[in-house]
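Below: one structure, written as structure tokens.
The values are calculated or read from the model by the stated rules, or taken from the named source; none is laboratory data. Since the model is a prediction, treat every value here as computed from it, not as a measurement. We place every Cβ from the backbone using ideal geometry, glycine too, and count neighbours over all the protein chains shown. These area figures cover heavy atoms from the full protein model, side chains too; ligands, DNA and RNA do not enter into them. Shrake-Rupley method; radii C 1.70, N 1.55, O 1.52, S 1.80 Å.
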Amino acid sequence: MPTTSDTLRDDLCPTGPLRAVINLGNPVLVQGTPQEPTGVTVDIAREIAARLGVDVELLPVTAARDAYAALVDGRADLGFLAIEPAREEGVRFTTPYVQIEGVFATRDASLMVADVDRPGTTIATRRGSAYDLYLTRTIEHATIVRGDEVEQAYEGGADVLSGVRQPITAYAQEHGLTVLEPAFQAIRQAVAVPRERPERLVAGLDEIVAELKASGFVAASLERAGQVATVPQD
């Protein structure tokens with residue numbers, strides 16, 4: 001009789017190895033190079049593969065939109081994405097394993113977060129990112145300017161820069177910008193699998209994610225990488 005582990009392995013790794021897509025574009029979650037990526041998502045992918053007794057094949061990409069595409073196109077079995085309604089058509093999400101923040105930065109230190117969404121203001125964002133999807137469904141008056149790199153979009157003349165707190169803070173310090181408080185978005189990062197996979201797969205992965213959070217695995221991985229993020233215990 002097949003065990004729970006056998007079923008999980010069959011559902012997740014139908015081709016044999018665990019094909020995990022890794023987004024190098026988020027420096028909080030992934031560091032290193034395409035040849036040797038490191039970080040919490042790499043550690044989680046390797047741990048899941050080890051528990052299932054399969055090899056892991058890492059597919060590095062440079063943007064969340066590419067990670068999403070790899071899952072939808074069937075090139076990856078598992079990935080790591082922020083939970084966003086616009087993505088639920090193509091993937092299924094576990095509960096979040098970590099939470100990071102989306103923030104604004106601007107040259108105008110007097111600007112408040114509540115003032116960003118106003119006519120005439122342009123907000124630079126990275127195309128297809130979690131914060132792009134969030135701003136797309138919440139901004140009513142400002143104009144969103146998208147680019148393959150958010151800094152490139154901002155340097156094209158936008159008023160406000162948006163993105164993940166850590167890299168945006170570093171960019172702001174280097175270029176004399178002010179990071180606006182509080183954060184405009186709580187970005188809940190979760191394990192994602194193709195939507196066509198059975199619901200029981202997410203339930204099984206949820207159990208693993210819960211164990212990795214409760215045991216301190218996720219927190220220890222973030223600490224080794226020198227990254228600070230919230231590990232939700234829900």
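Each listed q (0.26, 0.28 Å⁻¹) maps to a log10 I(q)/I(0) for the stretch 25-81 from the Debye sum over equal C-alpha point scatterers, namely -1.20, -1.31. The charge dipole of the chain, taken about its Cα centre with unit charges on the Cβ atoms of Lys, Arg (+1), Asp and Glu (-1) only, comes to about 100 debye.
Taking one quarter of the surface of the C-alpha convex hull of the stretch 173-234 gives a mean projected area of 6.6 nm².
Taking label positions 7 Å along the Cα-Cβ direction at both ARG146 and ASP10, the computed distance is 4.0 nm, reported to one decimal. Taking the square roots of five times each eigenvalue of the Cα gyration tensor of the stretch 69-150, the equivalent ellipsoid has semi-axes of 29, 14, 11 Å, listed largest first.
First compute the accessible area of the stretch 142-234 with a 1.4 Å probe, then give the percent of it belonging to carbon and sulfur atoms. Here it works out to 48 percent.
Summarising the label geometry, the points placed 7 Å from Cα in the beta-carbon direction at MET112 and THR95 lie 3.6 nm from one another. The P(r) of the chain has a tail past 25 Å containing 41 percent of all C-alpha pairs.
Assuming a ≥ b ≥ c are the square roots of the Cα gyration tensor eigenvalues, decide whether the stretch 20-125 counts as rounded (a/c under 1.5), prolate (otherwise, with a/b larger than b/c) or oblate. It is prolate, given that a/c is not under 1.5 and a/b is the larger ratio.
Projected label points at THR169 and GLN35, each 7 Å from Cα along the beta carbon direction, are separated by 3.2 nanometres.
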